[in-house]
Every structure is written in C-alpha cells, then in structure tokens.
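The values are calculated or read from the model by the stated rules, or taken from the named source; none is laboratory data. Since this is a predicted model, take the numbers as computed values, not measurements. Please note: Cβ atoms are built from the backbone with ideal geometry, for glycine as well, and neighbour counts cover all protein chains shown. Keep in mind that these areas ignore ligands, DNA and RNA; they rest on the heavy atoms of the full protein, side chains included. Shrake-Rupley method; radii C 1.70, N 1.55, O 1.52, S 1.80 Å.
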Amino acid sequence: MERYKDTALAARERADDLLSRMTLDERVAQLQCTMVIGEPEEAAKGFPHGIGSAVAFSVAQDPAGVAENNRKVAVAFGNGRLGIPPLIHIEAVTGVVSPGGTTFPSAIGLGATFSPDTIRDMADTIRVQMLAIGYRHALSPVMDVSRDPRWGRIGETYGEDPALCAAMSVAYTKGLQGETLNGGAVATGKHFLGYGLSDGGLNMATNPIPERELREVYAKPFQAAITEAGLRGVMNSYGSIDGEMIIGSKKILTDLLRGEMGFGGILVSDYMSIERLVNYRLLPDPDSAGVAALQAGLDAEYPLTRGYGPNLTDAVNRGELDIADIDRSVRRMLTVKFELGLFDVDDASPNADALADAYGDPIHIERSLKAARESVVLLKNDGVLPLSNELKTLAVIGPHADSLRLLFGCYTLPAGMEMQMSNSMADDMAGLDGMDEFASSLDGAEGQANENAKEPSPPETYPNSDVLREREDVRAMLQMVLGAFTPTILSSIREKCPKTDVVYAKGCDIAGDDDSGFAEAVSAAKNADAVVMTLGGKYGWGANCTIGEGLDRDDIGLTGIQEELAKAVIGTGTPCVVVHMDARPLSSEYIKGHASALIENWFPGSTGGQAIADVLFGDYNPAGRMPVTAARNAGQIPVYSGQKTGNSYYAKTTVGALSRYVESSTEPLFYFGEGLSYTMFAYENLSVTPQASAGGAACISFEVTNTGERDGEEVAQLYVSDECASMLRPAKEFAGCKRVFLKAGEKAGVKFTVRADQFAFLDRDMNWLVEKGKMNIMVGASSEDIRLTGGFEISETKIVDGRSRGFYASAEVTR
C-alpha cells in the first residue's frame, strides 16, 4: 500500500509521500481553484490534472440537492490518477450561505453579544450544516479590527477592539474546526492584514498602519486564533502596507505570518486579488503576478484566473521559478486535506440522517434566536420600555419594520439572491470578495419567484439618489423562500399584542428624498399611545444597498431623509422607541437627545423579528454592548476606546494635552461597551492579586448583584492601563468580559484571570516586552462606566514570545 493511503501515518508524512508521486502539472493543479457551474463531470474535463479547490454552484433549492451536487464535484474532480479530492469552500460569516442554512446576526451584531460562547455555538451549527452538504472549507471568519464607520465592510467584523475580536475569532475557529479537523471544516481568518483601516475609509485603499500597531492591534485576532485554536486557513487582504500590496508581500505573508506568528496552514487569495498587482501597475501581466504571489507565500489562487495557470509550469521549466516554491504550497494543501480526512471517505453520498439533524434540529434556530437577542443593545430608555402588550394603539413606522430583506446583512443568502437577480449590478460586483460564489446558484428560485411577480422592471433609483429601489420580483422571491419561517418586525410585534391596534406607516425609504409618506407616519404617531420607529441602512452588494463591500460613505449619519422623518415623528410628542438597523452605529445627536428610547439592532438575521419584539415587550431583558464607539460625526474619526494616552477624548485626563474641537466635543456619542438593561446591577468587593511575574497571572475577583426587580444579564468588563511604560500605551485597554445572568436580587462572583504577558508590547527593538511596573485595574459596565478600581504589580521585565502571550482574560462565575 502506498504510504499516502496509510491512515496510521501523520498527515504531513502522507502529504510528503503523495507529493513525491506527482507530476509538475499535478502539483500546480493543487494550487488552483475553479468555479463549478453546470454538470461537475463536464466541468472536470477542463482540469485533466485535478484541482486543489472548488466552489460549486447548483440550482438546488434544499440541502439534499446541494449535498448531491457537491458529491458529484468531489467524485468528478477526485477521479484522477492519484485520486486527490478537491477542497470545496463556501462563505459562512454568519451562517452557511446555502439553501436551508441557519442565519445568525451580522458579525458586528455578534460582536455586540460580548459572548464568545455564543459565537462558538454558532460556528458549531455552521460546522454541522457544512459537513452535511459536503463543504469542508469556510472563507470565514473576518478577523479585521475596524475603527472607521465609513468603511462599508465594518459589519463583517466583530468591532474595534483587538482583544474582543481575538476572543470572538478564537471562538469561531474552535467551533468550526471542531476538536479535530477530521470532524470539522477549515476556518479562514481574513483579511490579512490591516484591512479594517484604510485611507479615507475606502475599500481596497492603502492601509496607513505602522509596523508596531500592525502587530499589536491588527494581527492580534489572527495570532490568537493561530495560537489558541490552531487556525488552518488565512486569506490575504486586498490592501497595501508601506507601499507593498499584501498579495505580493513576502514580508507580510511569509516573514510575519509564518515566521513571526507561526502559521502553518493554507494561505488562499481573496477573489481575483492577484490581478491587482497588474491593475495597480506593480507588475506587467497576470503571469508574472502569479509567480510573485507564489514567491511571497500565497498557496492557492481563489478562483483561478491566469495567476496560477500554466505560467507556473512554464516559469519552472525556464528556470525562473524554483519548484521548491510550488512544492511548499502543494505540501500545505495536501496536509490540510489529509487532516480533514478527505482521502479516507469511502462513500461521498449524502447522508439523509446527517442532513435531517443538521437542518432539522431545532437547536440551530434556538442558537440563532439566542444570538439575535444577545446582540440587541439598549442605549437609552426614559421608562417607555418595555412596552405593554395591552396598549390601545401602537404605531410602527419606518422602512425596516415590514421588510424581510432588511433583516439580513451581507454574506447571507437573501443578499446573494437579490444580487443575482439584479443583473444590472454586474459591473458593481466585478472583483468583489466572493461575489461569484453566488452566481448561477439561485436560478431555480429566481425563476419560480418570477412566476409569482410582475415582469422585472428596469432599474430605478430612489428620487435624487444613486441607490436602486428593491425590485418587486426580489420581494416576491424572498417571501417565497423565507416568508414561512422568517417573521418581520411588524408581524412579530402584532403577535405580541393581539388586542392592540398596530398601525403601520413606512414613512420613507432607506434612500432618496421622497417625503410623501411623512403625513401618514405623523398621523399614525399622533393617534398612537407609543411609536416604534425603525431606521437605518441596507447591507449587501451593489447599487441597491447603502452599506457593504465597495459601499463606503463619507457621511455616517442616517441615509436619505430618515433623520427628517425621525424629527417629524418624535416631534408629535408621542413616546417614541427608535430601533436602528445598520452595520455602522447610529450617529445622530438629535435622536439620542429626543427619542424616548434607542436600540441598536444591527442586521439580526432570520430570527431578528422575534428577537426585537421580545426585547420591546420585556420577554427578553437586553444586555448587548457596543462593539464599536459611535462617533458624533465623521469629523471625529478615528474615535475608539483603545486610543493612546493623550489622544481623542482621553486628552481631558492628560496633563498638558491641548486637544479639543472648536464648538464641538471630543466625546463620542456612545462609548465602547455601553449598553443598558431593564434592571440594575451593583458591583462590590474587588480583590486583586497584588503581584504577578512576567510569566504569571493576576486574579481579579468581585461580586455583581442584580438590584432591580427583573431577571437579567450583566456584561462585566475588565479594563487595564499601564501606570508608566517605556512606549506610548492605550489610555484604557479592554482586557476581557463576562456575560452573567442574574435573577432579581441574586448575587454572583466573577473572577478574571489575566496573564501579565497579555500586556506585552513591542519595544524600540520590536521585541515583545513585559515591563515591570504597576497596572491599573478598572471593572465596570462599559469603558466609561467604571465601578471598581484597583491594581497589581508586574514584578519583572522580560522579553517574551509574542506567539504564546495572553490575548484576553479568562473569566468564570461563582454562585
């Protein structure tokens, strides 16, 4: 028996043996990825040497059909001389993007849960559903740290803080990859590196990040996932650092990622990013760009264009490319495939029992609802909430209230369906991350929806706006596919209060200046006992959305005339609850100052209508927290909690810092970690380990009591500042959190264990240094609402290995 077929051997040994048996053409094929459209057997004829990876499209409208198509792909492309199976991938940022997949809140909403356990449960659901239909590689999660709300992709991230993003990234990776990769799927951290901070907040622009900050902040979630969860996949960024495009940077992709950070998995390209080396005039043609990317450390081109084609074979034969560069990447691809057990599957047919459990088990919907509830952030409440279900009249106003599409964010099936049906968006979509994964996959659903709708009308924008209206056939399709199990906010509210006259008035659209609905909305508000008003954006791809990939904004306020609608409705004097739904936080001083209550609801997914209704009527007590700082306006950007001492609003506590805005404030609209509850919590009895060595840890314990009359959750947060450091450090650094459920009157102990080397920083010589001195401890309900303070001493100065340092505090609750 060939050694690569021996399951008793380690994956690396099997990979080495298989590699030695492969021709050069077969090796290059393992670095390629293809889109399988139509019959897989026919598509495979174009790849006589096999294929490394694939993204498979079908017209299947249920999990069984998708599973069968993926089985055909695996058989067709794995039927070569050596029987090397393809690695089939899919997007899964907030759920597997496939018919029947469970959809969770957008990642920014998941960040608002402040609960890594919730993210791990979500990723476990994704793992189960992916494996049941034949996907073993997710192009997720997004590990970018995002500190600019102008950037349209902020909603794909867990927020602004590297420790929070690290905790969430580790949780996702563990949940998806499983206890062993043999029973899991490859998680892919993206976008490496620094993609979340760009010039002008613009997508794909240069990333002005110095080397120290790049490592301390933007690499932290990736390093945590590599160290603590064994991350097996990474995807490059479209951006550039210090004049070098990431896709062609050996300094970033090899020296940093593999050398400094110790990554040993597969590095795949973001879609069509090799071409950018040509588009940005760094190399003359795709052939030379492919060679450059491979030499920089990129293992596979997703999808194959010209970068990793016959040009690589030709370059080896001409002596311009060392075959060792190809072998290095092929070995990595094969090793991961052996770790996944792809070679050891006897029967690739769909398993009916596995499908039933993966897509029929109610635990997955329960997890989605739990995440949606936990993502809701209550930012203001003058007592109007929770609403009574016995109100005589309730006005529900706003474009999001009665919309299925506006429950969902980018990288979800509904967003992909809309993009596929809006053919006029093709030019907008070209080259965007993962767009082609949705192409041709929804034709069956589209055709059936068109039978139930009028003929598609030509693209039409909202009045005086560039944003396209949502087409009627798109609405019909979404109703057909989602309506039976996805209640809107309006229908969920009506279900909560069957005796109440619930009056709906849209008021206005998400874009444009058509105010013809104002009168109806104002009248509904005047005649109601209370108002629930939904406002915000539309998150997805292309010209019919206000935020998403390639959809950045220089104005971070409400789009269209929604601010004017809010003023008209709130001006009636009827108590008004504003529910904001967007991928960026609300930036409206008027609404903060005048609304009776304010909720951040992000894009909550398929269970979002029920979740927000549960919060509005008190069946669930909100405890979400802001994963980003909300700026008052774009002029404050960047504004975030982890600012260096003396910067932004921290200047007020820094002696001699002459930093202020004329006739404005440096204080944000809402702080990182901020969020309210329907009950109250008291903190007391702080105890801190007085001293820790550089390799040791400090224990911070305290008690939290629910002093109100309702059961609820508190998110206890830990912040640390360095009393005196040799390098400029954050004024206040988020170190960890714990979500704690307490019944009314109940008390619980919370203990954080924080390693001293979590506060290691890069010294002047770029060594990771734990420095002797006092660390100030702050415990509270947000970065601004500090309840307890203390401190501990780090007893020694020591250079440490940055790969194995601490990344966030562990936490436990005692009753």
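Per-structure values
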quantity	calculated
Computed over the range 676-729: relative contact order in percent, which uses C-alpha pairs under 8 Å that are six or more apart	38
Phi-based couplings in Hz for the range 785-795 (Karplus 6.51, -1.76, 1.60; Gly and Pro marked x)	9, 8, 9, 9, 9, x, x, 8, 9, 8, 7
Axial C-alpha extent at least 24 Å, average Kyte-Doolittle at least -1.0 - helices from the chain (DSSP)	116-133, 323-340
Cross-link partners of LYS250 among lysines (Cα-Cα below 18 Å; sequence separation of 8 or more within a chain)	LYS190
Prolate/oblate/rounded call for the range 462-545, Cα gyration tensor, a/c under 1.5 rounded	oblate
Long-range HN-HN contacts of PHE681 with modeled amide H, under 5 Å	THR707
Sequence-distant lysines (8 or more away, or on other chains) whose Cα lies within less than 17 Å of LYS774	LYS732, LYS798
Rotationally averaged projected area of the range 650-804 (alpha carbon convex hull; nm²)	11.0
Using θ = phi - 60° and Karplus 6.51 cos²θ - 1.76 cosθ + 1.60, couplings along the range 583-599 (whole Hz; Gly, Pro as x)	8, 10, x, 5, 10, 9, 5, 5, 5, 4, x, 10, 5, 6, 8, 9, 10
Estimated distance in nm for a label pair at MET1 and ASP785, the labels positioned 7 Å out from Cα along Cα-to-Cβ	6.1
For the range 317-341 versus the range 744-763, the gap between their alpha-carbon centres in whole angstrom	42
Local net charge near THR7, Cβ-Cβ under 9 Å (Lys/Arg +1, Asp/Glu -1)	0
Pairwise FRET efficiency - ASN79 versus ASP285, Cβ, R0 = 45 Å, nearest 0.05	0.85
Residues whose placed amide H lies under 5 Å from that of CYS545, excluding near-sequence neighbours	LEU468
Point-to-point label distance, GLU746-GLU667, nm (Cα→Cβ direction, 7 Å offset)	3.4
Prolate/oblate/rounded label for the range 231-280 (Cα gyration tensor, a/c 1.5)	oblate
Long-range HN-HN contacts of ARG232 with modeled amide H, under 5 Å	ALA187
Chain lengthening between ALA8 and THR814 when straightened (0.36 nm per residue, less Cα-Cα)	285.8 nm
All lysines inside 23 Å of LYS738 as judged from Cα atoms, apart from same-chain residues fewer than 8 positions distant	LYS174, LYS220, LYS370, LYS380, LYS747, LYS751
Potential extension, LYS499-ASP344 segment - 0.36 nm per residue separation minus Cα distance	49.8 nm
Relative contact order, percent, the range 77-226 [alpha-carbon distance under 8 Å, six or more residues apart]	25
Helix-derived mean residue ellipticity, 222 nm - over the chain, DSSP H n ≥ 4, -39500 (n - 2.57), to 500	-8000 deg cm²/dmol
DSSP bridge pairs, the chain: antiparallel proportion in percent, nearest 5	60
Neighbour net charge for LEU321 - beta-carbon separation under 13 angstrom, K R +1, D E -1	-3
Probe 1.4 Å, accessible area per residue of the range 245-373, Å²	40
Relative contact order [Cα under 8 Å, 6+ residues apart], the chain, whole percent	13
Accessible area of the chain belonging to carbon and sulfur atoms, whole % at 1.4 Å probe	47
3J(HN,Hα) from dihedral phi, the range 135-145, Karplus parametrisation 6.51/-1.76/1.60, rounded to Hz, x for glycine, proline	9, 10, 9, 9, 7, 7, x, 7, 9, 5, 8
